[in-house]
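Only one structure is covered here, and it is reproduced in the block below.
The values are calculated or read from the model by the stated rules, or taken from the named source; none is laboratory data. Everything numeric here is computed off the predicted structure, so don't read it as measured data. Please note: Cβ atoms are built from the backbone with ideal geometry, for glycine as well, and neighbour counts cover all protein chains shown.
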Amino acid sequence: MRTIDWVDDAVVIIDQVALPHELRTLRITEVDELVGAIVRLAVRGAPALGGAGALGAVLALDQGEREGWDDDQVTAAIGRVRHARPTAVNLAWGVDRVAALRPSGRDAMLADALAVLDEDARGNRAMGERGADLLRELCGTDSPIRVHTHCNAGALACVEWGSALGVVRTLHERGHLGRVLADETRPLLQGARLTAWELEQMGADFRVVVDSAGPFLVSRGETDAVVVGADRIAANGDVANKIGTYSLALAAARAGIPFIVAAPESTIDPATPDGASITIEDRGSDEVLGTGESRTAPPDAVALNPAFDVTPADLVTAIVTEARTIRPAAGERPA
């Protein structure tokens, strides 16, 4: 099953909010439904958002045809998809790539949107192979490699296979994977809910750890490498990823172990010169000050809730894409 797909003129997604308790899909036929699914993280992960953006441009055209929208209304609907979340560049990239084909017609747009999905599936498998090879090289061991990861960069964050967790999956299939430490990923627990679910599905040995324990466990020699995904990679090699990534990068540097970022080429944004130029989404207080319907903080408390942080390039041992390996800590720039 693909995380996101196009079936009978509708966007079909796995509803990630329901996992791990229920595996269900949503059928989406309207732009605002898709935007809502993106905002509430029913579909999430940079590569999956690229697919959502690509299909969203077609969805806007179809809805406009059904409802008699003019060109400006269709353009506005495409824009709502493009701007649903600001940090992950793949969403805008997917929208822009397919929307550019509007003069060629709906069939051309749909064909290219489906190509985005297929390219992501193929690219993630290539990324997994490249990343697994690199880890064997950097760790310099024939023993199983213990990996620490953060948030969810698996099949659920992509179309298929996964980026960072795709590297883990490849190691596992080769028989080269040791224990995986998966950060729970506060406040929405993508690691505890989604990464743990994927690791369980593949039969890997894993442990869920609280985010604040991650750097300490790295310092104690509990892992051989940190492998994470990315939501945007700046031209200089700075990496925006889920909040909590930066502290793992610092810990990995202190411990002298590799810190690897696995992400598709579409995540590299040449128009963003460095991490300081990346807009960081703040998701508001409610996600932090309570759990579900239960509030844990005092009534008047207000939270800061940045969804992402930025890891400087000099802490990134390597960026692995479907096409190449870039070593920012050694001075290489991705764009």
Considering only the stretch 1-97, give the strands (runs of 3 or more DSSP E) lying wholly within it that have at least 2 residues that are touching a residue at least 40 places away in the same chain (Cβ under 8 Å), crowded, with 18+ Cβ neighbours inside 10 Å and touching a helix residue (DSSP H, G or I) at 6+ places or on another chain (Cβ under 6 Å).
-> 4-6
Give the stretch 117-149 a look and list any residue that's more than 19 Å from the chain's Cα centre (by Cα) and assigned to a helix (DSSP H, G or I), or say none.
-> D133, L134, L135, R136, E137, L138, C139
Any chance the stretch 54-71 includes a residue that's outside the structural domain of D269 (by TED's automatic domain parsing) and closer than 23 Å to P187 by Cβ?
-> no
D309: of a type outside the set (A, V, I, L, M, F, W, C) and either over 25 Å from P86 (Cβ atoms) or free of Cβ contacts under 8 Å to residues at least 40 places away in the same chain (or both), yes or no?
-> no
Have a look at G94, G53, G64 and point out the one that is under 15 Å from the mean Cα position of the chain (by Cα) and over 24 Å from G284 (Cα atoms).
-> G94
Test result for T296, of a type in the set (S, T, Y), surrounded by fewer than 18 Cβ atoms within 10 Å (Cβ to Cβ) and within 27 Å of E137 (Cβ to Cβ) | no
Could you run through the stretch 152-185 and say how many residues are assigned to a loop (DSSP other than H, G, I, E, B) and either free of Cβ contacts under 8 Å to residues at least 60 places away in the same chain or crowded, with 24+ Cβ neighbours inside 10 Å (or both)?
-> 10
Quick check, is A132 buried (at least 19 other Cβ atoms within 10 Å of the Cβ) and among the small types (G, A, S)?
-> yes
